[in-house]
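Asks: First the structure, which I've put down as structure tokens, then a few questions once you've had a look.
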Amino acid sequence: MHRRDDEPTAAAYSRREFVAGAAAAGVTMLLPGFLAAAPAGAKTFTILHTNDMHASFIGMGPSADYTPFTVNDDGTRGGYARLAALITQRTQARRERGPVMILDAGDYSMGTAFSAATRETGGELHLMGKMGYDATTFGNHEFDLGPAGLGKSIGAASKAGRIPAVLSANASFAGADASLADLQRLSHEGVIRRYAVIERGGLRFGIFGSLGKEAMIYTNGGATTFADATESAKEVVKILRETEKVDVVIALSHGGLEKGPDGNYHDGEDVRLARDVPGIDVVISGHSHTELREAIIVNGRTPVVQTGKESRNLGELVIALDGDKLTVVSYQLYPIDDTIVGDQAIAADIEKLKKSVSAAAFASRGYSIDQPLAIAPRDLPNTFTDIAAGTLLANLVTDAFRVATRADIGFTANGMMRAGLSRGKTGVVTVYDVFAVAPLGSGVIDPTPGSTLVTGYFTGHDLKNLLEFLLIDNAAHPGEYFPRASGMRFSYDLSRPRFDVVTAVELGDLDRGYRAIDITGTDVQLFSLTCPLMLGPIIVAIPKYTKGKLPLVPKKKDGTPLTSKVDALEMPPENSGYLLPPPGTTDASSVDTETGANAGLEIKEWQAIMDHLRNLPVKNKGELPIIPVDERAAEVRGIKLG
């Protein structure tokens, strides 16, 4: 580290406060520069915290560049070796001034190749235990492999050694369903519990976990049931205050934050939880991937904090407690980057996990985690707000989908691509890097990690209405649903009336040429469209979202409608790329599968992209193919008019 223990970062805060707005009454924010003095005689404690780490064991830069033991030579953000080293440093720096808690607000799993073997290794909780975490909670992604998969993961981690307490006040695993057996056993053993009480440094801390309402919708919980987060919190806080006699109540809440019209974060489920349950002293927030550089103060006393995602930052919240009076002394985010020399033991554990990952996820498709696939001559970002910058990646991905299934159209939306491909120092793109573009979920038909491609058939009018819906932008997260396609290009004019901005749809490509298709509804010819699993149920639900103003019916090849349960599906407000479709929303007949030796295996999103890269032309045998970034590769397939 090239930073003194007590040197303030750019995220330290001043004494100034401002009222965030009438729409968020009772909420204030601590602005940059805040550093308060602890009241004389008060007891001070520190919370080091993370959220939404998504198994970012080696960070989210090009894996070939990652050098955790040397400084100032890679651009990787995150990574557990560096995170562990910083936790150790900050714990040592703060311990003399009071107890230190290390906490996480959920979605510790799913997001990189390492979670592909979570059922076998429990690697996420295993490493968190070694880093000294006291507690975590469930996010929606802990359930991506179903309750049975989650039970296997926690069980494997707990057998390997100490793990943080897994807390959930509003999840219930009661019932006779066989998929709940491991979670029931772990609950009986106290590995999973509603709350934990930790006595440290003369203070008694009560900590509980909670899953928010919006996150519940996208939780593949199976027979798991979830109670209302607020009511469950009230019950647990009463127990912690009256029975357990704790001094401090901390909520690990995976509910999220929402950006207001003024661009500031002062609302969201985690803010409302603090507002509606005044017995909570601190909320460690997760789910919305918000890099919150100002602590939100609710009811004049309760801080709500969040660090972003993918172990990019470590949050440090320092609080003074004087009787019942709680004062935020300081709050700051420490970046996890290559100014930090990583922890050798954590790095060694990560190397051991790679073999399990390759066996669990990639061997069946002929890949391994560190395998080089191609050379990126420049960055291919997944930038939502800069449509042009994100076009290279979008075209690459949708081309891969179309090649994999031989559909007329390969299709996605900006937010469905979870990561970009970075050139880094060498340009080498590995299996680890590509998997991060499409890392979530398991199969509909086969259990191999990673979500599948699905295909439906649409008329020209259906395609127009699909594009109309995705072209409705949202000021809170602009560009996230912008449509991306291969085998199709479209023209649109945003000055036209809502739901009628698309002026033309053409099928084809630069090699074959394009031909216009009828979009008026008079032609009933069907065209096949392949898209990611997450996008499928959203497409099916477009008539519901628009109250019938944009009718469309995804069909099977024979013209009969695909069936999908959309009643529980609500439009994802943010970070859609990290949400999976609710269980029971995918028609199995739409799932794309392989033929020949791999018959019955799904065609995974990540597999389609890897296969496409591996089949790109090379100049000389044995060389890695170069990802095309020329004018053809950057073809504009959404043509903006007006």
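Asks: Give me the distance between the Cα centres of region 109-163 and region 487-563, rounded to whole Å.
Replies: Taking the Cα centre of each part, region 109-163 and region 487-563 sit 40 Å apart.
Asks: Sticking with this one: Might you tell me the accessible area per residue for the chain, computed with a 1.4 Å probe and given in Å²?
Replies: That works out to 37 Å² per residue.
Asks: How large is ³J(HN,Hα), in whole Hz, for each residue of region 48-54 in order, when computed from phi with the Karplus curve 6.51 cos²θ - 1.76 cosθ + 1.60 and θ = phi - 60°, using x for Gly and Pro?
Replies: These are the phi-based 3J(HN,Hα) values: 8, 8, 9, 7, 6, 6, 6 Hz.
Asks: Would you work out what percent of the accessible area of the chain, with all protein chains in place, is carbon or sulfur (probe 1.4 Å)?
Replies: Of the solvent-accessible surface of the chain, carbon and sulfur hold 52 percent.
Asks: At q = 0.11, 0.13, 0.14, 0.15 Å⁻¹, work out log10 I(q)/I(0) for region 267-423 with the Debye formula, treating every Cα as an identical point scatterer and leaving solvent out; two decimals please.
Replies: Each listed q corresponds, in turn, to -0.75, -0.93, -1.00, -1.06.
Asks: What longest range of the chain stays clear of loop-exposed GluC sites (Glu not before Pro) (DSSP non-H/G/I/E/B, at most 10 other C-beta within 10 angstrom)?
Replies: The segment 97-622 is the longest one with no such site.
Asks: Could you please state, rounded to a whole Å, how far the C-alpha centre of region 342-402 is from the C-alpha centre of region 83-108?
Replies: Each part's Cα centre sits 30 Å from the other's.
Asks: Given a cut-off of 29 Å, name the pairs among 464/604; 130/309; 309/352; 259/425; 43/234; 309/549 whose C-alpha atoms lie farther apart than that in the structure shown.
Replies: Table pairs above 29 Å Cα-Cα are 259/425; 309/549.
Asks: Could I ask something else about it? Give a quick list of trypsin sites (Lys or Arg not before Pro) in region 600-642 that DSSP marks as loop, anything other than H, G, I, E or B, with at most 14 other Cβ atoms within 10 Å.
Replies: Listed in order of number, the matching sites are 619, 621, 632.
Asks: Same structure, new question: Taking region 365-404, which trypsin sites (Lys or Arg not before Pro) meet the DSSP loop condition and have no more than 12 other C-beta atoms within 10 Å?
Replies: Loop-located and lightly packed - 378.
Asks: I would also like to ask the following. If you filter region 197-275 for trypsin sites (Lys or Arg not before Pro), then keep DSSP loop positions with at most 11 other Cβ within 10 Å, what is left?
Replies: 245
Asks: Here are some values of percent of Cα pairs over 36 Å apart: (1) 60; (2) 49; (3) 38. Which one was computed from this structure?
Replies: After the calculation, the listed value that fits is (3).
Asks: Quick one: which residues, 5+ away or cross-chain, put their amide H under 5 Å from the amide H of residue 44? H built at 1.01 Å from N.
Replies: Residues meeting the criterion, in which the H sits 1.01 Å from N, are 321.
Asks: If amide hydrogens are placed 1.01 Å from N in the peptide plane, which non-local residues have theirs closer than 5 Å to the one on residue 626?
Replies: Excluding prolines and chain starts, which carry no amide H, the hits are 375.
Asks: Another one. Output wanted: per-residue J couplings in Hz (rounded whole) for region 520-533, from phi through Karplus 6.51 cos²θ - 1.76 cosθ + 1.60, θ = phi - 60°, x for Gly and Pro.
Replies: Taking θ as phi minus 60°, the curve returns 8, x, 7, 9, 9, 4, 9, 10, 7, 9, 9, 8, x, 3 Hz for region 520-533.
Asks: Dividing the alpha-carbon Rg of region 100-257 by 2.2 N^0.38 Å yields what?
Replies: 0.98
Asks: By accessible area of protein heavy atoms, probe 1.4 Å, what ranking do 336, 445, 198 get, highest first?
Replies: Putting 336, 445, 198 in descending order of accessible area: 445, 198, 336.
Asks: Through the Karplus equation 6.51 cos²θ - 1.76 cosθ + 1.60, θ set to phi - 60°, convert the phi angles of region 162-178 into ³J(HN,Hα) values in whole Hz; use x for Gly and Pro.
Replies: 4, 10, x, 4, 9, 10, 8, 7, 10, 9, 10, 10, 6, x, 9, 4, 5
Asks: Something else about it: Counting Lys and Arg as +1 and Asp and Glu as -1, each charge on the Cβ, what is the dipole of the chain about the Cα centre in debye, to the nearest 20?
Replies: So the magnitude is around 420 debye.
Asks: Further question: Between region 240-299 and region 427-446, how far is it from one alpha carbon centroid to the other, in angstrom?
Replies: Using only Cα atoms, the two centres lie 33 Å from each other.
Asks: Let me ask something additional. If 187, 285 are ordered by their accessible area, calculated over protein heavy atoms with a 1.4 Å probe, which sequence runs from highest to lowest?
Replies: 187, 285
Asks: For residue 200, enumerate residues with amide H under 5 Å from its amide H, sequence gap 5+ or separate chain, H modeled in the peptide plane.
Replies: It is 205, by chain and number.
The values are calculated or read from the model by the stated rules, or taken from the named source; none is laboratory data. What you are looking at is a predicted structure, and each value in this text was computed from that prediction instead of being measured. When we count neighbours, we look across all protein chains shown, and the Cβ atoms used for this are built from the backbone with ideal geometry, even at glycine. Heads up: the accessible areas ignore ligands, DNA and RNA and are worked out on the full protein's heavy atoms, side chains in. Shrake-Rupley method; radii C 1.70, N 1.55, O 1.52, S 1.80 Å.
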